[in-house]
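The values are calculated or read from the model by the stated rules, or taken from the named source; none is laboratory data. Everything quoted here is computed from the prediction, not taken from an experiment. Cβ sites come from the backbone with ideal geometry, for glycine too, and all protein chains shown count toward neighbours. Quick note on the areas: whole protein, heavy atoms, side chains included, nothing else; ligands and nucleic acids left out. Shrake-Rupley method; radii C 1.70, N 1.55, O 1.52, S 1.80 Å.
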Amino acid sequence: MTDGHFIVIEGIDGSGTTTQCSTLAERLVAKGLQTHTTREPSDGPIGVLIRQVLTGRLVVSTRHGIRPPGWATMATLFASDRLDHLEAEIIPNVVDGVTVICDRYDYSSVAYQTVSGGGGDEVSAWVRELNRHAKRPDLTFVLDVDPEVAASRRNTRSGSPELYEVDAMQVELAKFYVKIDELFPDDTIRHIDANCGVEEVAAAIWSEVMALRGESV
């Protein structure tokens, strides 16, 4: 049995990562391929803790009142969740020949924690070091989208905005993702214009996935 592929879909909030993960999985299943979709933060114990932070249910108390944990704490939590996620879910599936599609990975950690940590090179270097033992994907998609388009999509969601869903921060994140290849020079990263419709984005992703598999569209 040959190993399955490990595919990641990335982008700012509202870029369509979750939709495209689902769409890609459906198309692979229709071809008769074993497929597993997952996400980060994961559904494991550390991932659940992180989601409580993102939704404002878990805060820290300081002399100046309550606030979310700082960027360094979040980077460490995300890295811990990722290694647990790999060990418990991603690697076992890949080894069994299953194609794993993950909604976000360590690219998100580097992007989000670098921006929230002030944007310095030393921040991104430290976050990458935290994640240096993370398995590299076979193929990564970055969904590039205009921050205003992404904001309009987020505004249609139910519920309150999460921790990082702040328009000004999302603008900086969009700029960061454009150049993220520079920080992962050995990874296979494909940028997709996600300003267009869901079907067009899905078609572009499908073409690249078929090329990865050595198949024609």
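Is it fair to say Ala202 is open to solvent by less than 20 Å² (accessible area, probe 1.4 Å) and within 24 Å of Lys31 (Cα to Cα)? Yes. Taking the range 39-148 as the region of interest, the strands (runs of 3 or more DSSP E) fully inside it that hold 3 or more residues being in contact (Cβ under 8 Å) with a residue 40 or more places away in the chain and either hydroxyl-bearing (Ser, Thr, Tyr) or buried (at least 19 other Cβ atoms within 10 Å of the Cβ) (or both) are 99-103, 139-144.
Can you say whether Ser80 is touching a helix residue (DSSP H, G or I) at 6+ places or on another chain (Cβ under 6 Å) and hydroxyl-bearing (Ser, Thr, Tyr), as far as the supplied structure shows? Yes; evaluated as a whole, the condition is true for this residue. Criterion first (assigned to a loop (DSSP other than H, G, I, E, B) and among the hydroxyl-bearing types (Ser, Thr, Tyr)) does Ser207 satisfy it? Judged against the criteria, Ser207 is not a match.
Looking at the range 175-202, which of its residues are assigned to a loop (DSSP other than H, G, I, E, B) and of a type in the set (Lys, Arg)?
Residue satisfying the conditions is Lys179 alone.
Have a look at Val209, Val171 and point out the one that is within 18 Å of the chain's Cα centre (by Cα), open to solvent by 20 Å² or more (accessible area, probe 1.4 Å) and either closer than 16 Å to Ile12 by Cβ or at pLDDT 95 or above (or both).
Step by step, each of Val209, Val171 is checked, and only Val171 is within 18 Å of the chain's Cα centre (by Cα), open to solvent by 20 Å² or more (accessible area, probe 1.4 Å) and either closer than 16 Å to Ile12 by Cβ or at pLDDT 95 or above (or both).
Taking the listed residues Gly56, Gly16, Gly4, Gly32, the one that is of a type outside the set (D, E, K, R), in contact with a strand residue (DSSP E or B) (Cβ under 7 Å, 6 or more places away or on another chain) and at positive phi is Gly16, with no other qualifying. Looking across the range 162-174, just one residue is part of a loop (DSSP other than H, G, I, E, B) and out of contact with any helix residue (DSSP H, G or I) (no Cβ under 7 Å at 6 or more places or on another chain), and that is Val166. Does the range 104-117 contain any residue that is touching a strand residue (DSSP E or B) at 6+ places or on another chain (Cβ under 9 Å) and among the aliphatic types (A, V, I, L, M)? The answer is yes, given that some residue of the range 104-117 is touching a strand residue (DSSP E or B) at 6+ places or on another chain (Cβ under 9 Å) and among the aliphatic types (A, V, I, L, M).
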